[in-house]
Structures are given as structure tokens and as C-alpha cells.
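For reference, the structure is listed below as C-alpha cells.
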Amino acid sequence: MPRGDQLTRQWRLLQLIDRPAGITVADAARDLGCAVRTIWRDLRVLQAAGFPIYDDRASDGRQGVWCVTESFKASLPVRLTLAELAALLMSRQLLAPLGALGPAVTSAFDKLARVLSKDALDHLEAMRETVGVRALGGKLQLPAAEHLPKVQQALVERRTLAVRYYSFQRDAETDRDIDPYHLTYFNGGLYLVGWCHLRKAVRIFALERMRRVELRARRFEPPRDFDVEKYLAGAWGILRGDLVTVRVRFASGVARYIRERLWHPSQRFHDLPDGRLEMSLQVADTAEVRRWILGWGAQAEVLEPVAMREALREEALAVAAALGRSRKPLASVKPSRRPRAGGVAQRAH
């Protein structure tokens, strides 16, 4: 049996044992669809790894009920079950794309990990390897990650931030005061939503473009009617703009893949007789949605808005022109002449 299947089964077994009434070996075998002897073997492995489980034979004269020890439950820093604790520890790596959410998160995980033995933690690590996350985009790098503690403090204490911010569009840095409302993670980056005193409006700021961050003494109260989910609802990713109706027709070869995913909350599908699929959605016409459509190449055709269709057509022509340019061959290296007998080869100066 592949080790991944074994570890997955043992993880599910831990969850069954963690029930308030525990579970018998026979019931575990039935629920997991395997032989009783397999369950016994898994139980021995989990006990040997140091998991706090035991066989409470006093609860049944004929067969024992496997439970979590009471001493372990009493030792937990918060009211968690064994399965909840294991799930949290295994999710530690799944949260890694967030970069550095601060030393407090690391400290919390370390405290949880101390409850289990090293062998149990090693076993959880092996279980974790059967589940993963692959984040798009790069991780937050220094010095942007160093700004996080001040940003988090400002969010909690509702204090204004003094930020030196770089704008791609203007290719310039400006000093801004920002009242931070919400920090969100998207596509490998962290973005701060807040009131910009310079622009007199709510704006989105990429943390990696913050060159300097300081806390102001000034405090603020976010508007009661501000809802970050509504604010970002029209964005394809993180960029906002005026909402437009976008209609895209996908070739039959990718229609099934498009249909089986939620790309945007406003998406609607219409099946065409020849197997193609038409998608319509309400979204801001931004570079993000255009890049997504371009990524499908000739498999996607924008029907509307006309401005987006024309912009993508010009982009496609530019790409075709760039790929069609003939490249100059690499310069050939001429073999150096050997000096004649008795002669001296010249050195390059």
C-alpha cells in the first residue's frame, strides 16, 4: 500500500478516536473500509509515535473503545480536540504563502507543537506531505515583510500610517497618510485597503511598494458603512475599476474546464450547440482580467465590451509581431591562428 494512503487513513483514524465517545476497532474498520488487523496496526503506529490515545477496555466487556487521554485534553492551552490540534499544526505550511504574519503567529504554533511528542510531530509532518498548497506569485520579500508588524499594529489600534509609497503608474514615490481598514492576501502578495489622505479616497496599496512605514499618533474610526467584501466584489483579483459586462466565448476543448470552476462570483454560463461555452460576468475591465483571457490564447474570444476586444486584438497582434521577428544569428567565433614555429602569439591587451 502506498505510504500516502496509509498516512491518510491514520489521519482519519485519529479523527474517529477524537470523538467524545471514542471508537471501537471494529467500527473504525467499517468506517474506513479496511480490515480490523489494519486498524490494529495503525493504532500501534500512532501509539509508538506518542499520540495520546489509549484503549478503554472498561467501557465494554468484550471490546475496547479507543479514546484520547484526559490528561492530554487538560494540557491543551485552549479548548481544542486532538484532531483540531493536529489539523492546525498540519496547516502551518499551508499558511506559508502569507509570508511573515509576524512573530505572534510563529509563537502560537510553537506553543501548540509543544503539547505533542517529537515522534508525533514527525508523524504529522509525514501526513502533511500528502496535502499541499501552491501559491501563485512570489512570496513577500524583505524589506516589505519588515513593515508587517507596524501595519498589523495600526490595524488593531486603528492608527494612521505614514507611508512612503512607490507608484508604478507614475514611476514616482509619494508620502501618504493612510488609515488602514483591511489587509488581504492575493496571488502571492499582501495588499492594504485603506483611506488615502492624499487622494481623499479608499485605495489599495501593495505592501512590497511601501518604502517606509511609520505609525502616527493619530487614531481613526473606519466608516460604519464600509464593507471590504463589497469594495472588492467587482475586482477580478485585487484591482478595481468601473464595472462592465464581459462576455467571453470559449472553444469546446476548454469549455468543460471553464465550467467546473468558480472564476468570479458574478459568472454566468450559456452552453452553445457546437460544444462551445459563453461566459458572462460583471467585473472591472482591468489588466488582471485581460491577462487571464489572453492566457487562453485562441481558445477564448471576447464578445464584449468592444473596447476590451479591440485592446486584446492589438495585444495579440503585437505578440505575433514580436514572435515573428527574425533573430540575428549568434556571432560565430573564429578559430585563433596558431603561431608559426618560432613565432610568438600576441596577447590581447
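The values are calculated or read from the model by the stated rules, or taken from the named source; none is laboratory data. Please read all numbers here as calculations on a predicted model, not as lab measurements. Cβ sites come from the backbone with ideal geometry, for glycine too, and all protein chains shown count toward neighbours. Please note that ligands, DNA and RNA were not included when accessible areas were found on the heavy atoms of the full protein model with its side chains. Shrake-Rupley method; radii C 1.70, N 1.55, O 1.52, S 1.80 Å.
Of all residues in the range 204-226, count the ones that are touching a residue at least 12 places away in the same chain (Cβ under 8 Å), out of contact with any Ser or Thr (no Cβ under 8 Å at 6 or more places or on another chain) and open to solvent by 60 Å² or more (accessible area, probe 1.4 Å).
Result for the range 204-226: 6.
Of the residues that make up the range 86-97, is at least one at pLDDT 80 or above and not charged (D, E, K, R)?
The first filter runs over the range 86-97 and keeps only residues at pLDDT 80 or above, leaving none.
No; the residues of the range 86-97 include none that is at pLDDT 80 or above and not charged (D, E, K, R).
Does at least one position in the range 227-243 carry a residue that is in a helix (DSSP H, G or I), surrounded by 16 or more Cβ atoms within 10 Å (Cβ to Cβ) and of a type in the set (Asp, Glu)?
no
Which residue, of LEU198, LEU190, LEU155, is aliphatic (A, V, I, L, M) and assigned to a strand (DSSP E or B)?
So the residue among LEU198, LEU190, LEU155 that is aliphatic (A, V, I, L, M) and assigned to a strand (DSSP E or B) is LEU190.
With the requirement that a residue be in a strand (DSSP E or B) and surrounded by fewer than 17 Cβ atoms within 10 Å (Cβ to Cβ), what does the range 281-290 give you?
If the condition is that a residue be in a strand (DSSP E or B) and surrounded by fewer than 17 Cβ atoms within 10 Å (Cβ to Cβ), then GLN282 is the only one that fits.
Conditions tested, residue by residue: (1) of a type in the set (A, V, I, L, M); (2) at pLDDT 80 or above.
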{"site": "HIS197", "(1), (2)": "no, yes"}
{"site": "LYS200", "(1), (2)": "no, yes"}
{"site": "ILE204", "(1), (2)": "yes, yes"}
{"site": "ALA233", "(1), (2)": "yes, no"}
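Looking at the range 292-309, I want the residues that are closer than 17 Å to VAL244 by Cβ and have a partner that is among the small types (Gly, Ala, Ser) and not in a helix (DSSP H, G or I) with Cβ atoms under 6 Å, at least 6 apart or on another chain. Which pairs are those?
Matching pairs, first to second residue: ILE293/ALA300.
Name every residue in the range 1-30 that is open to solvent by 60 Å² or more (accessible area, probe 1.4 Å), free of Cβ contacts under 8 Å to residues at least 40 places away in the same chain, over 24 Å from LYS73 (Cα atoms) and part of a helix (DSSP H, G or I), in order of residue number.
Across the range 1-30, the qualifying residues are ASP5, ARG30.
For ALA300, indicate whether it is open to solvent by less than 60 Å² (accessible area, probe 1.4 Å) and under 26 Å from PHE168 (Cα atoms). Step through it out loud before you land on a result.
Numbers: open to solvent by less than 60 Å² (accessible area, probe 1.4 Å): yes; under 26 Å from PHE168 (Cα atoms): no.
In short, no.
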